[in-house]
Amino acid sequence: MDLSQGYPRSGREQIAGLMMIGRTLDKARASLAGTLGEYIYDCGMDRSVFDFLGTNAEEFSAAVQRAASDDDVAAFVRAKLAVKTEGAIEAWNNAFMAIEPDLSRSAYADAVAAVKRRAPQRTDITHWVDLIDVEEERPIPPPRTSAAAAG
């Protein structure tokens, strides 16, 4: 995976039922290959995944290096998730999807500019995963609806 030439997967893509794993896996592969580009492996979002799994970047990288495919990494993730309940996994996924970064920080300037360029009318695009998807030229996410609004 050469992240100097393309994007990692969206954080919303799941492997073994967990958000962010595909993106973290892509960054781990690129890190191992020396083709990370401007991406950061073991960033705060990756560490939140590692913390939930009870692992770290070194152990995850070793699993990725041994893996012949995404399925092998999924087996590693499933083994780590074996001590978690379905409810805990769902809660973690929901919390991940709800992360709203401080958009005044310069780290998010490119994402904010991408939203202004690609979807200027969409002031609701404030969640990390949506911002990154817009910045990385994925389809504009549909507006989020709250349970209260749906009821």
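Read the figures in this text as sums done on the coordinates, not as results from a lab. In this text the structure is predicted, and so the values were computed from the model without any measurement. All Cβ positions, even for glycine, are placed from backbone atoms using ideal geometry, and neighbour counts span all protein chains on display.
Structure values in brief
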quantity: Per-residue ³J(HN,Hα) for the stretch 140-145, Karplus 6.51 cos²θ - 1.76 cosθ + 1.60, θ = phi - 60°, Hz, x for Gly and Pro; calculated: 4, x, x, x, 7, 10
quantity: Helix-derived mean residue ellipticity, 222 nm - over the chain, DSSP H n ≥ 4, -39500 (n - 2.57), to 500; calculated: -15500 deg cm²/dmol
quantity: HN-Hα J in Hz across the stretch 24-30 - Karplus 6.51, -1.76, 1.60, θ = phi - 60°, x for Gly and Pro; calculated: 5, 4, 4, 5, 5, 4, 5
quantity: For mean projected area of the Cα convex hull in nm², calculated from these coordinates, the label among (1) 11.6; (2) 9.8; (3) 8.6; calculated: (2)
quantity: Exposure proxy ranking, count of Cβ atoms within 10 Å, fewest first, for Arg9, Arg105; calculated: Arg105, Arg9
quantity: Neighbourhood net charge (9 Å Cβ-Cβ; Lys/Arg +1, Asp/Glu -1) for Asp46; calculated: +2
quantity: Lys/Arg +1, Asp/Glu -1 at C-beta; the chain dipole; positive extreme among Thr24, Ala67, Ala91; calculated: Ala91
